[in-house]
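Working notes, structure below.
The values are calculated or read from the model by the stated rules, or taken from the named source; none is laboratory data. Model, not experiment: these values are computed from the prediction. Quick reminder, even Gly has a Cβ in these numbers, built from the backbone with ideal geometry, and neighbours come from all protein chains shown. Remember, those area values only see protein heavy atoms, side chains included, never the ligands or the DNA or RNA. Shrake-Rupley method; radii C 1.70, N 1.55, O 1.52, S 1.80 Å.
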Amino acid sequence: MNITDLADLLCQTTEPICESNYDCIQCDISIEARNKFTYYLNLQRSDLNIFNTNSIVSILELLFHLSTSKRCASCNDILYRNSNFLSAPDLLILHIPYADAKINTSFKFLNKSYSLRGVIYYGSNHYTSCIVSENKNVWYHDRIQTGKNMIFEGALLFKKSKDWNVYNNKKVVLFKRL
Ligand SMILES: [Zn+2]
């Protein structure tokens, strides 16, 4: 089991926490869609067409207002799959693609503020992590390199967005609602 399977498993909910509809913008038609979104969102999806210039916020916006290959039965226009959390989740764990998408350190989603709490980098059977403490300091951990200890990397404020992509690995990013 890799870190994304574990995050997916831990974030399973008994009740749905998000709902989706296929909507036609022209006709005001809305059809209920199946939805399996939880606190863990896999953003590594080809239908999102993610580029390196995308940020976490723009990818989330794409995912929650996704153009589909489905067509409206009455006007033949494309249908959008619109999703909404029933209430803003306390935690968001995002699996972002191998591409160097911009990792926002804070953003607004569903009118709530979220802040970055950590990034887990994983590759071949080894993972490292950057943890953001409550007082906004960044700590780096790699068990092979640092053992039980962590290396202080400095204040979150001084870390540039490209610094989050220095490790050329796949990423899982954790955000907490403020
Ligand atoms: Zn239509």
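FRET efficiency for Leu110 and Asn149, Cβ-Cβ distance as r, R0 = 41 Å, nearest 0.05?
Taking R0 as 41 Å, the efficiency between Leu110 and Asn149 is 0.65.
The stretch 68-164: which chymotrypsin sites (Phe, Trp or Tyr not before Pro) are DSSP loop and have at most 16 other beta-carbon atoms within 10 angstrom?
Those that pass, being in a loop and sparsely packed, are Tyr98.
Going by amide H atoms built from the backbone, whose H comes under 5 Å of the H on Asp77, apart from near neighbours?
Those qualifying (amide H under 5 Å, at least 5 residues apart or on another chain) are Cys72.
So what is the orientation-averaged projected area of the stretch 100-178, using the convex hull of its C-alpha atoms, in nm²?
Across all orientations, the stretch 100-178 yields a mean hull projection of 5.6 nm².
If one computes P(r) from the Cα atoms of the chain, what percent of pairs lie at distances over 19 Å?
Looking at the chain, the distances longer than 19 Å represent 61 percent of pairs.
What are the residues whose amide H is under 5 Å from the amide H of Asn137, where those residues sit 5 or more places off or on another chain and H is modelled from the backbone?
Residues meeting the amide H criterion: Leu156.
Carbon and sulfur: what percent of the chain's accessible surface (1.4 Å probe)?
Carbon and sulfur atoms account for 50 percent of the accessible area of the chain.
Considering the dipole of the stretch 3-177 built from charges on the beta carbon (Lys and Arg +1, Asp and Glu -1) around the Cα centre, which of Thr38, Phe152, Val173 is farthest to its positive end?
The one lying farthest along the dipole's positive direction is Phe152.
Quick query: amide H of Tyr40 versus all other amide H atoms, modeled in the peptide plane; which residues come in under 5 Å with a sequence gap of 5 or more or a different chain?
For Tyr40, whose amide H was placed from the backbone, the distant partners under 5 Å are Ile93.
Starting from the Cα-Cα distance between Glu19 and Asn82, subtract it from 0.36 nm times their residue separation and give me the gain in nm to one decimal.
Once the chain is fully extended between Glu19 and Asn82, it gains 21.8 nm.
Using the Karplus curve 6.51 cos²θ - 1.76 cosθ + 1.60 with θ = phi - 60°, what ³J(HN,Hα) values do you get for each residue of the stretch 82-91, in whole Hz, with x for Gly and Pro?
So the J values, rounded to whole Hz, are 9, 10, 9, 6, 5, 8, 4, x, 5, 9.
Which whole-Hz ³J(HN,Hα) couplings does the stretch 58-66 yield from phi under the Karplus relation 6.51 cos²θ - 1.76 cosθ + 1.60, θ = phi - 60°, glycine and proline marked x?
5, 5, 4, 4, 4, 5, 8, 9, 9
In the stretch 26-70, what chymotrypsin sites (Phe, Trp or Tyr not before Pro) fall in a loop by DSSP, with at most 15 other Cβ atoms inside 10 Å?
Phe51
Give a residue-ordered list of calculated ³J(HN,Hα) values for the stretch 134-141 (Karplus: 6.51 cos²θ - 1.76 cosθ + 1.60, θ = phi - 60°; whole Hz; x for Gly, Pro).
These are the phi-based 3J(HN,Hα) values: 4, 8, 6, 9, 9, 10, 10, 9 Hz.
Based on DSSP H runs of at least 4 residues, each adding -39500 (n - 2.57), what is the mean residue ellipticity at 222 nm of the chain after dividing by all its residues, to the nearest 500 deg cm²/dmol?
-3000 deg cm²/dmol, from helical runs alone.
Mind listing which trypsin sites (Lys or Arg not before Pro) in the stretch 17-84 are in a DSSP loop and have 15 or fewer other Cβ atoms within 10 Å?
Of the trypsin sites (Lys or Arg not before Pro), the ones in loops of the stretch 17-84 whose Cβ has at most 15 other Cβ atoms within 10 Å are Arg34, Lys36, Arg45.
Please name whichever of Asn137, Leu60, Ser74 sits farthest to the positive end of the charge dipole of the stretch 3-177, dipole taken about the Cα centre and charges placed at Cβ: Lys and Arg +1, Asp and Glu -1.
With unit charges placed on the Cβ atoms, the residue in question is Asn137.
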